[in-house]
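K.L.:
Starting off with a structure, shown below.
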Amino acid sequence: MEAKKILNIENFFSEENEKKGVWHEPVVNGRGCGLEFLLIGMNSEEAQKETARVKELSDKIKLEDISDTEKYKKFRELDAEVIAALTKDIRAKNGAELQLAGKKVDFSRGFAKQLYLLSPDLRELNTEFVLKSSNFIILD
């Protein structure tokens, strides 16, 4: 008797994975960057709260009182703050120690924000990832 084949459709329900997060290695020019980010999804409750908090901050910015350059800096910082809040950990893909300017770094939200400010490409790639719910479907 042939064994019954089963497709577990629970794997297609991404809500739990959006809450707890999944590891993601951004790909630049067809190559992995060597860093993996534990990211939670934009549909998670935590992400919704963080987005609302940052929206309140952005609403307080008096756009008419600042230069275009200052507007760009402020909104870039707010973008980095949101994706840093959705980043729960960062690790080297090969298990190596993470260093910045020759010093070991441990994960913190502040470190994630600093990294995203230094690398707008990482910020953009990870933002695109968290916005797409299908990235949180786990297939065996």
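The values are calculated or read from the model by the stated rules, or taken from the named source; none is laboratory data. Computed from a prediction, not measured in an experiment: that's the story for all the values here. Quick reminder, even Gly has a Cβ in these numbers, built from the backbone with ideal geometry, and neighbours come from all protein chains shown. We work out accessible area using only protein heavy atoms, side chains counted, and drop any ligands, DNA or RNA first. Shrake-Rupley method; radii C 1.70, N 1.55, O 1.52, S 1.80 Å.
K.L.:
Only one of the listed values, [x] 0.98; [y] 1.19; [z] 1.25, was derived from the coordinates as Cα Rg over 2.2 N^0.38 Å; which label is it?
P.N.:
Comparing each candidate, only [z] matches the computed number.
K.L.:
Let me ask something else about it. Have a look at ILE137, THR51, GLY102 and report the one farthest towards the positive end of the charge dipole of the chain, computed about the Cα centre with Cβ charges (Lys/Arg +1, Asp/Glu -1).
P.N.:
GLY102
K.L.:
Additional query: Please list, in chain and number order, the residues 5+ apart from ILE90 or on another chain whose amide H is under 5 Å from its amide H, with Hs placed from the backbone.
P.N.:
Residues meeting the amide H criterion: LEU38.
K.L.:
Length gain on complete extension for the stretch GLU70 to SER58, per 0.36 nm per residue less the alpha carbon to alpha carbon distance? Show your work: numbers first, answer last.
P.N.:
Working: separation 12, 0.36 × 12 = 4.32 nm, distance 1.28 nm.
Contour length minus Cα-Cα distance gives 3.0 nm.
K.L.:
Pop out the carbon and sulfur fraction of the accessible area of the chain as a percent, whole number, probe 1.4 Å. Walk me through the numbers before you get to the answer.
P.N.:
Details: 4950 of 9640 Å².
The value for the chain is 51 percent carbon and sulfur by accessible area.
K.L.:
Oh, and also: Return the inverse of the average 1/r over all pairs of distinct C-alpha atoms in the stretch 41-83, which is the Kirkwood hydrodynamic radius, in Å to one decimal.
P.N.:
Working: mean 1/r = 0.0900 Å⁻¹.
The answer is 11.1 Å.
K.L.:
So, for the chain, what is the accessible surface per residue at a probe of 1.4 Å, expressed in square angstrom? Write out the running numbers ahead of the final one.
P.N.:
Working: 9640 Å² over 140 residues.
Value returned for the chain: 69 Å² of accessible area per residue.
K.L.:
Can you give me the long-range amide H partners of GLY21? Hydrogens built in the peptide plane at 1.01 Å from N, cutoff under 5 Å, separation of 5 or more residues or another chain.
P.N.:
Placed amide hydrogens put GLY41 under 5 Å from GLY21.
K.L.:
ALA92 label point, 7 Å along Cα→Cβ, cut-off 18 Å on backbone N: hits in the stretch 109-123?
P.N.:
112, 115
K.L.:
What size of dipole, in debye to the nearest 20, comes out for the chain about its Cα centre when the only charges are +1 on Lys and Arg C-beta atoms and -1 on Asp and Glu C-beta atoms? Write down the numbers at each step before the final one.
P.N.:
On the way: 23 positive and 26 negative charges, 66 e Å.
Using Cβ point charges on Lys, Arg, Asp and Glu, the chain gives about 320 debye.
K.L.:
Now for a different question. Once the Cβ-Cβ distance between ILE137 and SER108 is put in as r, and R0 is 25 Å, what FRET efficiency do you end up with, to the nearest 0.05? Kindly include the intermediate steps, with their values, before the conclusion.
P.N.:
Values: r = 29 Å, r/R0 = 1.16.
In this case the efficiency is close to 0.30.
K.L.:
Let me ask something additional. Taking the dipole about the Cα centre of the chain, with the C-beta of Lys and Arg at +1 and of Asp and Glu at -1, give me whichever of VAL82, LEU118, TYR72 is farthest to the positive side.
P.N.:
LEU118
K.L.:
In the chain, once you exclude exposed GluC sites (Glu not before Pro) (DSSP loop, at most 14 other Cβ within 10 angstrom), what's the longest stretch remaining? Before the final figure, lay out each step's value.
P.N.:
Values: sites that count: GLU2, GLU97.
Longest stretch, sites excluded: 3-96.
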